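> Below you'll find the structure I mean.
Rule-based calculations on the coordinates, nothing more; no lab input. Bear in mind that the values here come from a model prediction, so they are computed numbers and not experimental data. Note that we place each Cβ from the backbone using ideal geometry, even for glycine, and neighbour counts take in every protein chain shown.
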Amino acid sequence: MSDIQWNSVPVNDDEKPTVGREDLRELARDLDPDEYDDDVRAFLDGLMGDTPDDELRKAATLLLQDEVDLPPDMAAHGVEPDMPLIELLLSAGADVNARNAYGQPPLHLAAFYGYEEIIDRLLAAGANLRTRNAQGRFAAQVAATPALAAKLEPPHSEEDDAPLPPEIEDADNEPDDDDGHHHHCDCGCGHHHE
């Protein structure tokens, strides 16, 4: 088995479920590139071109992290997660358990912001309820509502009684700003909120 995670289960590359390039292109045809930033347009161009699948999966992972990390108050400014784009990114093989620069997996961000539709889609794509963020918390522990917390409660495991791995216990995943200062908040999401 490889160390690649696909739908929360380690599998070899040849065992990964795939959506064919033509099917992905069909999904992408419904998206207007002019509605997106340069990174999404580059992904769409690569999808329509001959960018290797592994590069598309890496780009899809990064874009998924960005797309889920949009606070609900941004909707007042016309910025909110785009479900058709999220569906395309998941279909292209985005890693649903990969952490962003702040150590937050997409499920944790969606839980924190209360995006139930995105949570459902991430779970259907194999997001692991037992994945911890950089602060050592499960998605249920950062959920916006008690109902979401209950939905995201991971099954108990003997691992729960074990100490956290050193990379989580001693994590310092707070990126420095241009002045060399660390920014963080007290909510546990790993971001700095204004």
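> Please state, as a whole number in µm²/s, the translational diffusion coefficient that the Stokes-Einstein equation yields for the range 83-124 at 4 °C and 1.567 mPa s, with Rh defined as the Kirkwood radius across alpha carbon pairs. Could you put the intermediate results ahead of the total?
Values: Rh = 10.5 Å.
Rounded to a whole number, D works out at 124 µm²/s.
> Ok, one more. How high is the relative contact order of the range 25-111? Use alpha-carbon pairs under 8 Å, at least six apart in sequence, and give a whole percent.
Relative contact order of the range 25-111: 29 percent.
> So what's the net charge close to P105: Lys and Arg +1, Asp and Glu -1, counting the other residues with Cβ under 12 Å from its Cβ? Don't skip to the end; give the middle numbers.
Values: positive: R99, R130, R132, R137; negative: D69, D95.
With Lys, Arg at +1 and Asp, Glu at -1, the net is +2.
> Quick check: pseudo-label points 7 Å beyond the Cα along Cα→Cβ at A124 and D30, how many nm apart are they?
Computed distance between label sites A124 and D30 equals 1.1 nm.
> Sum up the charges of everything whose Cβ sits under 14 Å from the Cβ of T51, counting Lys and Arg as +1 and Asp and Glu as -1, but leave T51 out.
-1
> How much space per residue, in cubic angstrom, does the convex hull of the C-alpha atoms of the range 51-138 take up? Show your work: numbers first, answer last.
Details: hull volume 8.5 nm³, N = 88.
About 97 Å³ per residue, rounded to a whole number.
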